[in-house]
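Since the structure comes first, as structure tokens, the remarks are kept for the end.
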Amino acid sequence: MTVTMGPSASFRLMTDALPEWDRVEVMREVYGRTVLKFDLDPLGPTHVDMRVRALPGLGIATGTSSEFRVHHSTPLIDSDDIILLAALDGASVMRHRGREEAVGNGQALMMSGEEVGLNMIQPGGMRFVNMSFSLKQLLPLIGDPASALMQPLTTGSGAMRLLLDYVQSIQDAGDVLTPEAWHLATAHIFDLAALAMGATRDAAEIARGRACAWRGCAP
């Protein structure tokens, strides 16, 4: 596990770099209960390679994982964040708010971090993008996030595709960005997430204006 501190705190967790007898414990205690606030139970050989990044009001985890039972239990609830899981390859099944939905290639789902939930990563594992958004920062942009919970979202086009591509590029950039660049990147991710989830009209116009300003659009 490698850790980088700065305007954006990040670490990379690779189970193959750990002694085999420590892998399950590290996943459960370091990543599961401490970082993700989930109980992790492997359902087969444990193989994980992921980059985790913490920004103000935003958490990002990207990478690959083998088959796991991922349980957000009552003792681990410590925020009201909105959690987004996108499956780039592989599949999982999510249970939340009395509903069950499959998340396969090219799909995404959201759940509330202040309620219990279960995610079953299916045999063959999964390549994913997982994000947690501060509800306080997201509310002005989308109004009623509850209406988007457990509603399957496509990742292959529109704002969701832009969001996932942008997050992947941020992860690939590593830790070389300036504090100002990280601030702008975080705002841009919130804007794209709001557009993907169903932004209010005012928020959508603000997001488009900011994006245009950053790209230097012609008047």
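A short reminder: the numbers here are calculations on the coordinates, not readings from a lab. Since the model is a prediction, treat every value here as computed from it, not as a measurement. Positions of Cβ are generated from backbone atoms using ideal geometry, with glycine treated the same way; all protein chains shown enter the neighbour counts.
So here's what we get for this one:
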| quantity | calculated |
| --- | --- |
| Helix-only [θ]222 nm of the chain, DSSP H runs n ≥ 4, -39500 (n - 2.57) each, per residue, nearest 500 | -9000 deg cm²/dmol |
| Ranked HIS71, HIS96, criterion: other C-beta atoms within 10 Å, fewest first | HIS71, HIS96 |
| Cα centroid separation, the stretch 79-115 to the stretch 119-195 (Å) | 13 Å |
| For the stretch 11-77, diffusion coefficient by Stokes-Einstein and Kirkwood Rh (Cα), 37 °C, 0.692 mPa s, µm²/s | 266 µm²/s |
| Taking the chain and dividing mean pair separation by its residue count, relative contact order in percent (alpha carbons under 8 Å, at least six apart) | 18 percent |
| Sequence ranges 127-140, 36-49, ranked by mean other-Cβ count within 10 angstrom, highest first | 127-140, 36-49 |
| Options (i) 51, 44, 35; (ii) 53, 37, 29; (iii) 60, 41, 30 - which one matches Cα extents along the principal axes in Å as calculated here | (iii) |
